[in-house]
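Step one of this worksheet: look at the structure below.
No lab work stands behind these numbers, since they all come straight from the coordinates. Just so it is clear, the model here is predicted, and its values are computed rather than measured. Here the Cβ is made from the backbone with ideal geometry for all residues, glycine too, and neighbour counts use every protein chain on show.
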Amino acid sequence: MQININTRGSYLHIKDEMFEIKVKCDDGSVKKYNYSSKKVSSIILGQGVALSTDAVKIAVKNNIDIIFTEYDGFPIGRVWHSKLGSTTRIRKKQLEASLNEIGLKWIKLWILQKVLNQMEFLEDLKKHRSDKLTFLNDKIINISSLKNSLELIEGTNVKDVADTIRGLEGTAGRIYFETLSMLLSDEYKFNGRSSRPALDQFNAFLNYAYGVLYGRVEKALIIAGVDPYLGFLHRDDYNQLSMVFDFIEQYRIFSDRVVFRLFSGKKVNQSHTDRMNNGFILNNEGKKLLMENYNKYLEDDPIRYKGRNITRSNIIQFDAHSFANSLIGKNDSLGDV
């Protein structure tokens, strides 16, 4: 279970060995919610939320990470236990891979999976849109051509071909999001990706979902023993979680599908967002709508994956461990790229 607290003035503390959340209502009353630490995997705190040191201690003892987020859901910090939790050999091999062909093979694998996910989603959207078949087929063919170009990239390290990879990935992304926009009602059509601020309501929902996903991916990498700051493709800027930005690419489709379904299913209305900083952000009602659907999609609906039934949330952790094990030679997860 993931706990999300976004109401300003809320207080998280411990009562009778359980997490207790006090939430102030508009009428001045206080609602209380209690959760066993044995059932909580992570806690996400929005702005204006307070917590006790006892809650932090219980979280640390039970391997529960506490994530602090910005107004748009982007994680800005976390409380996590101080133990490494794995062998330092993984991080040494990760550094070596960032400088040779192994890092390039992984980046190609992740980016190709991202593009393939986009194509498969557009294929799914054809099922109930017979009037859009020609339009969607044309876009899928265009993205497929870019995917083929990505597959042909060769090199001895990521640095030599990074600009080419980014260019092809970026072009595929522009076609993909232009296509999603055209399938929405006129009220919610958008002009490409925008973040911080989101220039439209669709991107406001998508940015928040990506923010939550960043937190999940970072946690999965830490548990697996992978350094979240040591990436292969994304730049190693100061305090940038480069590996998180690399590894997340193959899972962005989780956010895309949930957000698109909310809009196409007419679940979203103008009351779910507020204007801020010349853009849009989710308000509490919007966050509640998104997270109820997003958590269900990630946690409650197992799918068939690599020969097993597994939730999408556990897929991220499974892949993180496979990646870490491959770095130190325990398995070969790369296959044919």
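Taking amide H positions as placed 1.01 Å from N in the peptide plane, with prolines and chain starts having none, which residues 5 or more places from residue 14, or on another chain, fall under 5 Å of its amide H?
Correct list: 20, 55.
With the cut-off at 19 Å, tell me which of the pairs 139/189; 114/147; 139/267; 22/288 have Cα atoms farther apart than that. Intermediate values should be presented prior to the final figure.
Details: 139/189 17 Å; 114/147 10 Å; 139/267 26 Å; 22/288 17 Å.
Pairs exceeding the cut-off: 139/267.
Give me the number: length gained by fully extending residue 130 to residue 20, i.e. 0.36 nm times residue separation minus the C-alpha to C-alpha distance, one decimal in nm.
Using 0.36 nm per residue and subtracting the Cα-Cα distance, I get 34.6 nm.
Pull up the DSSP beta bridges for the stretch 2-69 and report the antiparallel fraction as a percent, rounded to 5.
55 percent
Could you point to the residue in 43, 177, 122 farthest towards the positive end of the chain's charge dipole, with +1 and -1 charges on the Cβ of Lys/Arg and Asp/Glu respectively?
Farthest along the dipole direction, towards plus: 43.
As an exercise, use a Förster radius of 35 Å and the Cβ-Cβ distance of residue 178 and residue 300 to find the FRET efficiency, rounded to the nearest 0.05.
0.65
So for each of 46-52, 180-186, 128-134, 319-325 I average, over its residues, the number of other beta carbons within 10 Å; can you give me the resulting order with the highest mean first?
Descending packing order for the listed peptides: 319-325, 46-52, 180-186, 128-134.
Give the shape of the stretch 1-155 as rounded, prolate or oblate, defined through the alpha-carbon gyration tensor: a ≥ b ≥ c are the square roots of its eigenvalues, a/c under 1.5 means rounded, and otherwise the shape is prolate if a/b is larger than b/c and oblate if not.
oblate
222 nm [θ] for the chain, helices only, -39500 (n - 2.57) per DSSP H run of 4+, per residue, to 500? Write out the running numbers ahead of the final one.
Working: 10 runs with 163 residues, N = 337.
The per-residue figure over the chain is -16000 deg cm²/dmol.
With both partners inside the chain, how many of the DSSP beta bridges are antiparallel, as a percent to the nearest 5?
Close to 70 percent.
As an exercise, use a Förster radius of 51 Å and the Cβ-Cβ distance of residue 29 and residue 185 to find the FRET efficiency, rounded to the nearest 0.05.
That gives a FRET efficiency of 0.85.
So what is the relative contact order for the stretch 88-327, in percent, with contacts set as C-alpha pairs under 8 Å and at least six apart?
Computed over the stretch 88-327, the figure is 22 percent.
Could you give the size of the charge dipole of the stretch 10-127 about its Cα centre, using +1 on the Cβ of each K and R and -1 on the Cβ of each D and E, expressed in debye and rounded to the nearest 20?
540 debye
At 0.890 mPa s and 25 °C, plugging the Kirkwood radius over alpha-carbon pairs of the chain into Stokes-Einstein gives what diffusion coefficient in µm²/s?
The diffusion coefficient I find is 115 µm²/s.
To the nearest 20 debye, what is the magnitude of the charge dipole of the chain about its Cα centre, counting +1 on the Cβ of each Lys and Arg and -1 on the Cβ of each Asp and Glu?
Using only the charged Cβ atoms, the result is roughly 760 debye.
What is the distance in Å between the Cα centres of the stretch 128-194 and the stretch 271-294?
Result: 26 Å between the Cα centres.
Projected onto the charge dipole of the chain (+1 at Lys/Arg Cβ, -1 at Asp/Glu Cβ, origin at the Cα centre), which of 225, 259, 144 gives the Cα projection farthest towards the positive end?
The residue sitting most towards the positive pole is 225.
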